[in-house]
Amino acid sequence: MQDAARKILIIRLSAIGDVLRVLPAFQVLKKNYPDASFGWVTEEASADILKAHPGISEVFVFPKKTITRKLSSPLTFFSGLQEFFAFMKPIRAGGYDLAFDFHGLLKSGIISLFSRAPRRVGFTMPFCGEGNYLFNNLRFPQDQKRVSRIRRNLNLLEKFGLTPEHERPVFHIPDADREVVQKFFRQQQINPRLPIIAVHPGTSPTTPYKRWDPYRYAVVADTVIEAHAAQVVFTWAGAELDMVKNIVGQMKYRAIVAPRTANLCQLAEIFRLSDLYLGSDTGPMHLAAFAGTPVIGLFGPTDPVINEPYSRTPHIILHDEVDCAPCRKRACPRRECMKGIREESVIRAIQIMLDSFKLQKAVL
C-alpha cells in the first residue's frame with residue numbers, strides 16, 4: 001500500500017517508553033517514504049529526543065494536563081476546548097495526508113480525526129480502547145493480543161502493506177548534550193577500560209510498585225564493584241535523588257551519582273557510554289536498549305512479553321512468576337513479584353553480561 005504520501009503524522013503520546021517503542025516503526029516509514037516529511041504528536045516528557053531527531057520535521061507537544069484540567073470543570077470547559085483547537089491549528093494547517101495512530105485511545109483518536117488527514121491508520125477492536133477505532137478510517141487487527149509493543153507497532157505497518165524490516169533506530173544526541181555528559185565522566189575519572197554499569201533504581205511517581213528495594217541495589221552494586229572493579233553510575237530523574245542517596249549511603253564502596261540531566265538526550269548519552277544497564281521496567285530501560293547498551297530488566301507487575309526491551313539489544317529479563325502478576329495494583333502492599341527477584345539472580349545476570357563484555361574488551 002505504499003504511495004506518494006508527502007506528509008505523515010505519527011501520534012503516540014503518554015510515557016517515555018511507549019514513545020520510544022514506536023521508533024522502529026518510524027524507521028520503516030522513513031524507508032518506505034524517503035521523500036516525505038514527518039510530524040509527531042507527543043507529550044512533554046519525550047519531546048526533546050524527538051526534536052533532536054533529524055528525520056522528524058515537526059514535534060507537536062500536546063498539553064494534556066492543562067487541557068484535561070480545564071475540560072474537567074464546567075467553569076473552564078470552553079476554555080479547554082479553545083486550547084485544544086489552538087493546539088490542533090498548526091497540525092490541521094500542516095497538510096498531513098496520512099496519519100498513524102499508534103496510541104489507540106480516545107485522545108489520540110480525536111487528534112487523528114481533527115488532523116484532517118484523509119487517511120488515518122489505527123487498530124480495530126479489541127486492540128484499541130475508549131472507542132478509538134471510530135476516529136480512524138483504515139483499521140487493522142493484530143494476530144494476537146499478547147505481543148511486545150514494538151512488534152505491535154510494526155505489525156500495524158505490515159497490515160497496512162509495508163515490510164517491517166528496519167535498521168536499528170539511532171538517537172541524534174546534540175553535541176552540547178554529549179559534552180555535558182562526557183565532561184562529567186572526565187571529572188569523575190571514569191575509566192572506559194573498566195566496566196561501567198548504569199543503574200536506574202527509580203520509576204515514575206505513579207508506578208512505585210515497579211521498584212526494587214534500595215538495599216538490594218546497594219548489595220548488588222557493592223558486589224560487582226568488589227568482584228569486577230566496576231564503576232557504578234546511579235542515574236535519576238525528578239524526585240528520585242533521595243532514593244539514590246539512600247542506596248549509596250548503604251554501600252561500603254564508592255558509587256557515582258549522575259548529575260541532574262536536562263533532557264532525555266543527556267540521559268541517553270550516559271547509557272551510550274555505559275557497558276550495561278540495570279533497572280526496572282521503565283522509560284530509561286527502553287532508552288538504554290535503543291542506545292545499544294545491554295540491559296538487565298527487573299520485571300514484577302508488568303508483563304515481560306509486552307514490555308520487553310528492544311530485541312536487537314542483548315538483554316536479560318528477571319521475573320519472578322507469581323500468581324497475581326501481571327497486574328495494575330499501584331498501591332499493592334505486598335509487592336511479592338518484585339521481592340521475589342533475589343540479589344543472587346541479579347549478580348549472576350551481571351556476571352553473564354560482563355563475561356561477554358570482557359571478551360569484547362580483549363578484542364579491542
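Just so it is clear, none of the values below were taken in a lab; they were calculated from the coordinates. Remember, it's a predicted structure, so these values are computed and weren't measured experimentally. Glycine gets a Cβ as well: all are built from the backbone with ideal geometry, and neighbour counts include every protein chain shown.
Couple of notes before you dig in:
- Here is how the number arises for the chain: DSSP H runs of 4 or more residues each give -39500 (n - 2.57), the sum is divided by the residue count, and the result at 222 nm is -12000 deg cm²/dmol.
- For the listed peptides 152-158, 340-346, a ranking on the average number of other beta carbons within 10 Å per residue, highest first, reads 152-158, 340-346.
- Going from the fewest other Cβ atoms within 10 Å to the most, the residues 236, 40 appear in the order 236, 40.
- For the chain: rounded, prolate or oblate by the Cα gyration tensor [a/c cutoff 1.5]: prolate
- Neighbour counts of other Cβ atoms within 10 Å put 53, 319 in the fewest-to-most order 53, 319.
- Projecting label points 7 angstrom from Cα along Cα→Cβ for residue 66 and residue 260 puts them 2.2 nm apart.
- In plain terms, the chain from residue 342 to residue 311 could stretch by 8.7 nm, reckoned as 0.36 nm per residue minus the Cα-Cα distance.
- Packing, as the average of other Cβ atoms within 10 Å across residues, places the peptides 111-119, 253-261 in the order 111-119, 253-261, highest first.
- Under the Karplus curve 6.51 cos²θ - 1.76 cosθ + 1.60, θ = phi - 60°, whole-Hz ³J(HN,Hα) for region 106-111, x wherever Gly or Pro sits: 4, 4, 5, x, 5, 4
- Relative contact order, whole percent, for region 299-339 stands at 56, derived from Cα pairs under 8 Å and 6 or more residues apart.
- Relative contact order computed over region 175-363 (Cα-Cα under 8 Å; 6+ residues apart), in percent: 23
- Ascending count of other beta-carbon atoms within 10 Å, so fewest first, for 22, 248: 248, 22
- Across 31/64; 245/339; 65/339; 89/210; 65/245; 31/159, pairs whose alpha-carbon gap is larger than 28 Å: 31/64; 65/339; 89/210; 65/245
- Against the chain, whose longest principal axis comes from its Cα atoms, helix 175-187 is set at around 10 degrees.
- Rough spin-label spacing in nm, given labels placed 7 Å along Cα→Cβ, for residue 31 and residue 4: 2.5
- Using the Karplus relation 6.51 cos²θ - 1.76 cosθ + 1.60 with θ = phi - 60°, the per-residue 3J(HN,Hα) values for region 194-209 come to 10, x, 10, 10, 8, 10, 10, x, x, 9, 4, x, 8, 10, x, 5 Hz, with x marking Gly and Pro.
- Cα-Cα pairs of region 167-222 separated by more than 12 Å (percent): 79
- A straight line joining the Cα centroids of region 188-257 and region 305-327 runs 21 Å.
- Counting every C-alpha pair in region 7-160, the share spaced more than 26 angstrom apart comes to 21%.
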